[in-house]
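Heads up: the structure comes next, in structure tokens.
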Amino acid sequence: TPSWEYASAPSSLLSVWYSSRTVGSCEKHVRNKLVKANKSLYIIRSLRKEGCKQPEIDHLFRSIVLSNITYALTVYGAAGPELTTAQNFLDRCFKRKYVSERIDIHQFLEKQDKRIFNKVSSMHSHPLRPLIPKAKKTQYCLRSKSAVCPPINTDRYKQTYINQLIIFKYNLSI
């Protein structure tokens, strides 16, 4: 068999499924996480039938289901269809009263991105630190942004972790 067939086969690293294909490269990871989360909903449904109150159901949902879905969210956050799939699952959970308030996957992504940025910016030996642009030290402000944006404007490029975190969305720099 030709070697190119193995290049597109999905593989796992730290329980994150990925593929060398550009489209749908995290599709298997999201699907596996949603299947596992759906199995956890059975436990929550059974406990609700036994008389658990809604605050207890919310706590179980956040600790079992939501933690499962948001694992490696920063990795697959650049893929819009996978985020939409996860958001649809969370909307169904809200509709069926597995959680008392609506959860937005995009807000979770933003919180995780900023948490990672704070960790990277506080540690000088972090492996991602060289990827983050330095803040401008000049006193004259010819532009309103502190980092210079690269000239690429495709949505997929804008949604990768570093570009989303620093350049296009949050405008953060060290």
For segment 128-135, in order, what is each residue's ³J(HN,Hα) by Karplus, 6.51 cos²θ - 1.76 cosθ + 1.60 with θ = phi - 60°, in whole Hz (x at glycine and Pro)? 7, 4, x, 7, 8, x, 7, 5
Run the reach check for Lys97 against aspartates and glutamates, Cα to Cα strictly under 20 Å, same-chain hits fewer than 8 apart removed. What comes back? Glu50, Glu56, Asp58
Table column - 3J(HN,Hα) (Hz), segment 95-108, Karplus curve with 6.51, -1.76, 1.60, x for Gly and Pro: 4, 8, 6, 6, 9, 7, 10, 5, 10, 9, 5, 5, 5, 4
Let me know the shape class of segment 41-131, please: from the alpha-carbon gyration tensor, a ≥ b ≥ c as square roots of the eigenvalues, rounded when a/c is under 1.5, otherwise prolate if a/b is greater than b/c, or oblate. prolate
I need the GluC sites (Glu not before Pro) found in segment 44-83, filtered to DSSP loop residues with at most 13 other beta carbons within 10 Å of theirs. Glu50
In what sequence, largest accessible area first, do His29, His59, His106, His124 appear using a 1.4 Å probe? His124, His59, His106, His29
What is the gain in length, in nm to one decimal, between Arg62 and Arg45 on full extension, counting 0.36 nm per residue of separation less the C-alpha to C-alpha distance? 4.7 nm
Stretched out fully, how many nm does the piece from Asn38 to Lys111 gain, at 0.36 nm a residue minus the Cα gap? 23.9 nm
For a 20 Å ceiling on Cα separation, which of these pairs sit above it: Lys28/Lys114; Lys28/Lys95; Lys39/Lys95; Lys33/Lys114? Lys28/Lys114; Lys28/Lys95; Lys33/Lys114
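The values are calculated or read from the model by the stated rules, or taken from the named source; none is laboratory data. Predicted, not measured: the structure shown is a model, and the values here were computed from it. Neighbour counts are summed over all protein chains in view; Cβ atoms, including those assigned to glycine, are modelled from backbone coordinates with ideal geometry. Areas reflect the complete protein model, heavy atoms only, side chains present, ligands, DNA and RNA absent. Shrake-Rupley method; radii C 1.70, N 1.55, O 1.52, S 1.80 Å.
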